[in-house]
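Asks: Once you've had a glance at the structure underneath, I'll fire off some questions.
The values are calculated or read from the model by the stated rules, or taken from the named source; none is laboratory data. For clarity, every value in this text was computed on a predicted model and none was experimentally measured. Counting neighbours? That spans all protein chains shown, and the Cβs are built from the backbone with ideal geometry, glycine included.
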2 protein chains.
Amino acid sequence: MKLNRFAICAGLLWLLTTGLSLQAGGMVEQWGVFQIILPGPTNGNPFVDTTLSARFTQGDMSVDATGFYDGDGIYCVRFMPDRLGEWHYTTASSVANLDHISGDFTVVKPAAENHGPVRVANTYHFAYADGTPYKELGTTCYAWVNQDEALQEQTLKTLAAAPFNKLRMCVFPKRYDWNTNEPPMYPFAGIPTTNWDFTRFNPEFFRHFEQRIADLQKLGIEADIILFHPYDEGHWGFDRMPASADDRYLRYVLARFSAYRNVWWSLANEYDFMKKKTEADFVRFGEIISTNDPSHHLISIHNGQKMFNHTLPWITHVSVQNGSAVEDAGRAELFRDIYRKPVVFDEVKYEGNLPKRWGNLSAEELVFRFWEGTVAGTYVGHGETYLSPDNIIWWSKGGVLKGQSPARLAFLKQVLADSPAEGIDPIDKWQDPTIAGQPGKYYLIYFGKQQPATWEFKLPKPPLGKGAPLTNGVAFTVEILDTWNMTVTPVPGKFKVKKGDYSYADEAGRSIELPGKPYVALRIKRVED
Amino acid sequence: MKLNRFAICAGLLWLLTTGLSLQAGGMVEQWGVFQIILPGPTNGNPFVDTTLSARFTQGDMSVDATGFYDGDGIYCVRFMPDRLGEWHYTTASSVANLDHISGDFTVVKPAAENHGPVRVANTYHFAYADGTPYKELGTTCYAWVNQDEALQEQTLKTLAAAPFNKLRMCVFPKRYDWNTNEPPMYPFAGIPTTNWDFTRFNPEFFRHFEQRIADLQKLGIEADIILFHPYDEGHWGFDRMPASADDRYLRYVLARFSAYRNVWWSLANEYDFMKKKTEADFVRFGEIISTNDPSHHLISIHNGQKMFNHTLPWITHVSVQNGSAVEDAGRAELFRDIYRKPVVFDEVKYEGNLPKRWGNLSAEELVFRFWEGTVAGTYVGHGETYLSPDNIIWWSKGGVLKGQSPARLAFLKQVLADSPAEGIDPIDKWQDPTIAGQPGKYYLIYFGKQQPATWEFKLPKPPLGKGAPLTNGVAFTVEILDTWNMTVTPVPGKFKVKKGDYSYADEAGRSIELPGKPYVALRIKRVED
């Protein structure tokens, strides 16, 4: 049967409340959310008794998406179309009046700010599906969606003015030092805090979570959704559900969230601190996610002290916690060498004043770590942990930013936006891991805590077959970046190079005067003929 | 049939010439080489026409070993027994008079210097099969067995006086800068240099190679046998044999060498520089070795610029080339975190004066790198590349050592011999990666190129559940090690600790005066009650 009037009406009503992009008349933008909304049975337990999916086809290509029960007799299948043009769908269900429903819709060009989902690009980097480079610059508000509404709105307002384009956030509520409040809602039916019915979800909780995904999308922020975490320790027991409940939860989340283009899957925060889970559990989770996500979002897993095996094929990028790796570009880049995937240091200690070693970096130190990670060809994550009488700390609950690093990270973001589309890569790592860029074209050299007074103009010979060839006479411009004071100072004139054994130096042997302060970088660009 | 008189005679004759440890009367020491030597057909191509193996049994336990053709109508099966007592064997062959030959022999206690093969111990370290710790300290003479006999003898003499307990060495000859001489023998029959019969081995070549393995064994040196390497580039073509020849070669080498207890398998040097091989080829090689080595020797693979996937289960330890990782303990220890296996930096640039960036480290720099690697809980490899008019450079051909690092590595060897049997591990790596040892018991703190005048006595709190617990009043002694000048200076008195937030400091808040020179370490030992 064809999609009936009721279904379309329900769908539109739903859309009005969530702000999604399905158009009336069966039109949706590329990488928008197309939804099939259908009335169905309410008897028994619809979350487990009724199966529903849909096959979406365009020519020879077909994609299957699993549906979900949204409560109140409403069933839904969501789909993120990645091709323009006419699409067709047909549902399949264990319930006759949800089965074999078919329809057509048109996928139109995306709005200007919609570049599609983020994918891996050039082995170590990211780009949106339309090819636009995505230079990752993330922060964390682990439990922000589980705070009161006013605080959530304040967090969104703060994010709108901040430089971040990714946010790490948990589905489940968080219980930890400075985090002892109950959330407004819970993901499961049952009696808080421990007598849950894991076979019945709370659709209101998930609709609210989706609203927050959509809110972030409007701000151009990727939602790095943390599916499991240890900050529970049995208080609610979401960290120790039976395997059947874990898997059902993952499939429900997949059905609901995967059509949102700004979703990333983070299997866990500090997976190894979850005492009731094994590494094999997380391998199973990864396989469930990777084989059941029709949109193929990025998938990662974040560690406490024990590195996960990030060589597994379903892991798209390396999400690392390490308290010292980004103190040194030479450390950070090893993760690239070893994994051959993009590396995101999602926890490197935080700017703040907590009485914890992981939570009292100075802003200078955190910004320094971002720059070391950047010239290592990796990406670094921000977090802020300033004590507050109300226990509202950005790292976990959101609210307002109080630190000095975000302004400097906005400066770094400008530098990244101006950097090569291919990404920043180490260029001569076994000699000097602080020289990065694209060989022959663009160099970023970071002096960190060193305070040199001069720098001899000398570029490493491009590695065989990489970057643009250099020959005698090729000219470069130089800018001095003060990464802390956020200034860009062009060095007058041009530097023409002359070949040496392992390098191309200025043909006149010139050096560049530097301010003799810490946290200085050089940006060197080839002058195009 | 029972082993006939001819076979025993031939075996004894063979043994007399190679110095192996099979005793007359069917006795062999534990981890010695037991051999079955049998006359057999010489017609056709015995290397491929005749199959031969033997099953060795003791009670319920059985081990299969593949035999090989040694030329001149002699067939052989070798076996390294790892249990004392009575053993039985029965052969199996495609040739009737090699088939179903059985016999008995007795495995007796090993000689004092025989500790068995080296195995992985405590995840990140090594020990001999009898439990004796093995603190790896290796060097390289890649092509020493393919030089003239006088030079080989000189190399052995040098090794006898040097501190090294592992030698990296290639089977195939080497062609490279400073290495253009032809070897005295070749591994295959046929016409040098390119018209080989890859189906016929040259037994003399392999008997000679085995002699060298045995020579190293007598010196207490593990033979890290490099099975493939790129330093050929078609000159002989051993780097580009067909897959069938590669695999036949590996099986022949396995049959001949695996009964020698001091063998390690290194699938390749700089595997990624072998242009005609893929990573899948090396995975196949690793699987052939690991499933066909009855003695289960250590297996590794060494990279050029591209890290291999050392998480694969048949890789026992990580063999790395990296030109900068051991400049910093914080870099080196990441390989442990990621792979959870012992890490051996088998190439970190060499002490020497070559006009190559990889071959002109100062001795100070190389020794510094060993110490950084040591406090990272990893192992570092030596190599020496001093130019010589005769082109004899230790790194490749052996000969004599000319550098200043070996004496300092002998000092390091003494320090390692005195260190805990469990190995040296990083203790507080996200705060200070230069503090290592076993928490609560033994600390090695290395200041590297820093020249501090004092050190405040303060030990990191032992990580939860690791090492010996610390309580107020536990006492320590301190020694100052000058790792370059090779001196050990005890600090008078004892230091009793007092608990702090993250540390145990001297209860009187004392500091230790240091010499204010580079390359100083502290050795701190708990005073046993």
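Asks: Any idea how many residues of region B:59-74 are under 19 Å from residue B:28 (Cβ atoms) and without any contact (Cβ under 8 Å) to a residue 40 or more places away in the chain?
Replies: Qualifying residue count, region B:59-74: 3.
Asks: Next question, about the same structure. So which residues in region B:385-432 are within 14 Å of another protein chain (Cβ to nearest Cβ) and in a loop (DSSP other than H, G, I, E, B), if there are any at all? Give the steps one after another, and end with the answer.
Replies: So the first thing to find is which residues in region B:385-432 are within 14 Å of another protein chain (Cβ to nearest Cβ), and the list is B:425-432.
Result: B:427, B:428, B:429, B:430, B:431, B:432.
Asks: Still on this structure, please answer the following. From the list A:94, A:62, exactly one residue is over 32 Å from the mean Cα position of the chain (by Cα) and either surrounded by fewer than 21 Cβ atoms within 10 Å (Cβ to Cβ) or basic (Lys, Arg) (or both). Which is it?
Replies: The conditions single out A:94.
Asks: Any chance you could count how many residues in region A:386-401 are within 17 Å of residue A:360 (Cα to Cα), surrounded by 15 or more Cβ atoms within 10 Å (Cβ to Cβ) and out of contact with any Lys or Arg (no Cβ under 9 Å at 6 or more places or on another chain)?
Replies: 4
Asks: Then there is this: Give the residue, chosen from A:188, A:164, that is in contact (Cβ under 8 Å) with a residue 12 or more places away in the chain and more than 16 Å from the chain's Cα centre (by Cα).
Replies: A:188
Asks: Given the conditions (1) in contact with an Asp or Glu (Cβ under 7 Å, 6 or more places away or on another chain); (2) closer than 14 Å to residue B:238 by Cβ; (3) aliphatic (A, V, I, L, M), and given that residue B:171 satisfies all but one, which numbered condition is not satisfied?
Replies: (1)
Asks: Test residue A:214 against the stated conditions and say whether it is in a strand (DSSP E or B) and over 21 Å from residue A:316 (Cβ atoms).
Replies: On the way: in a strand (DSSP E or B): no; over 21 Å from residue A:316 (Cβ atoms): yes.
So residue A:214 does not fit the description; no.
Asks: Further question: Taking the condition of being in contact with a Ser or Thr (Cβ under 6 Å, 6 or more places away or on another chain) and among the polar types (S, T, N, Q), how many residues in region A:282-337 meet it?
Replies: The qualifying residues number 5.
Asks: Here is a follow-up. Going through region B:170-205 one residue at a time, which ones are of a type in the set (A, V, I, L, M, F, W, C) and loosely packed, with under 15 Cβ neighbours inside 10 Å?
Replies: Within region B:170-205, just B:191 meets the criteria.
Asks: Yes or no: residue A:238 more than 20 Å from the chain's Cα centre (by Cα), outside the structural domain of residue A:47 (by TED's automatic domain parsing) and surrounded by 23 or more Cβ atoms within 10 Å (Cβ to Cβ)? Before you say what the answer is, go through the steps one by one.
Replies: On the way: more than 20 Å from the chain's Cα centre (by Cα): yes; outside the structural domain of residue A:47 (by TED's automatic domain parsing): yes; surrounded by 23 or more Cβ atoms within 10 Å (Cβ to Cβ): yes.
For residue A:238, the condition - more than 20 Å from the chain's Cα centre (by Cα), outside the structural domain of residue A:47 (by TED's automatic domain parsing) and surrounded by 23 or more Cβ atoms within 10 Å (Cβ to Cβ) - is met.
Asks: If you don't mind, there's one more thing I want to ask. Check every one of the helices (runs of 4 or more DSSP H) wholly within region B:263-375 and list those with 2 or more residues that are surrounded by fewer than 21 Cβ atoms within 10 Å (Cβ to Cβ), within 14 Å of chain A (Cβ to nearest Cβ) and among the basic types (Lys, Arg).
Replies: none
Asks: Hey, another quick one. Quick one: is residue A:441 under 29 Å from residue B:273 (Cα atoms) and basic (Lys, Arg)?
Replies: Details: under 29 Å from residue B:273 (Cα atoms): yes; basic (Lys, Arg): yes.
So residue A:441 fits the description; yes.
Asks: Right, something else. Could you please let me know if residue B:437 is at positive phi, among the small types (Gly, Ala, Ser) and more than 14 Å from every other protein chain (Cβ to nearest Cβ)?
Replies: When the stated conditions are applied, residue B:437 passes them.
Each row is one residue, and each column tells you yes or no for (1) among the small types (Gly, Ala, Ser); (2) in contact (Cβ under 8 Å) with a residue 12 or more places away in the chain; (3) within 14 Å of chain B (Cβ to nearest Cβ); (4) under 27 Å from residue A:414 (Cβ atoms).
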site	(1), (2), (3), (4)
A:447	no, yes, no, yes
A:454	no, yes, no, yes
A:463	no, yes, yes, no
A:467	yes, yes, no, yes
A:472	no, yes, no, no
A:483	no, yes, no, yes
A:491	no, yes, no, yes
A:499	no, yes, no, no
A:514	no, yes, no, yes
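Asks: A further question follows. Provide a single number: the residues in region A:459-469 that are buried (at least 18 other Cβ atoms within 10 Å of the Cβ) and more than 16 Å from residue A:424 (Cα to Cα).
Replies: So the answer is 0.
Asks: Give region B:470-505 a look and list any residue that's under 18 Å from residue B:428 (Cα atoms), in contact with a Leu (Cβ under 9 Å, 6 or more places away or on another chain) and charged (D, E, K, R), or say none.
Replies: Correct list: B:499 only.
Asks: Taking the residues in region B:316-342 that are touching a Lys or Arg at 6+ places or on another chain (Cβ under 7 Å) and aliphatic (A, V, I, L, M) as candidates, determine which candidate is nearest to residue B:133 (Cα to Cα).
Replies: B:318
Asks: Would you say residue B:111 is touching a residue at least 40 places away in the same chain (Cβ under 8 Å), of a type outside the set (Ser, Thr, Tyr) and surrounded by 17 or more Cβ atoms within 10 Å (Cβ to Cβ)? Working first, answer last.
Replies: Details: touching a residue at least 40 places away in the same chain (Cβ under 8 Å): yes; of a type outside the set (Ser, Thr, Tyr): yes; surrounded by 17 or more Cβ atoms within 10 Å (Cβ to Cβ): no.
Answer is no for this residue.
Asks: With the structure loaded, tell me whether residue B:440 is touching a residue at least 40 places away in the same chain (Cβ under 8 Å), surrounded by 21 or more Cβ atoms within 10 Å (Cβ to Cβ) and among the small types (Gly, Ala, Ser) or whether it fails that test.
Replies: yes
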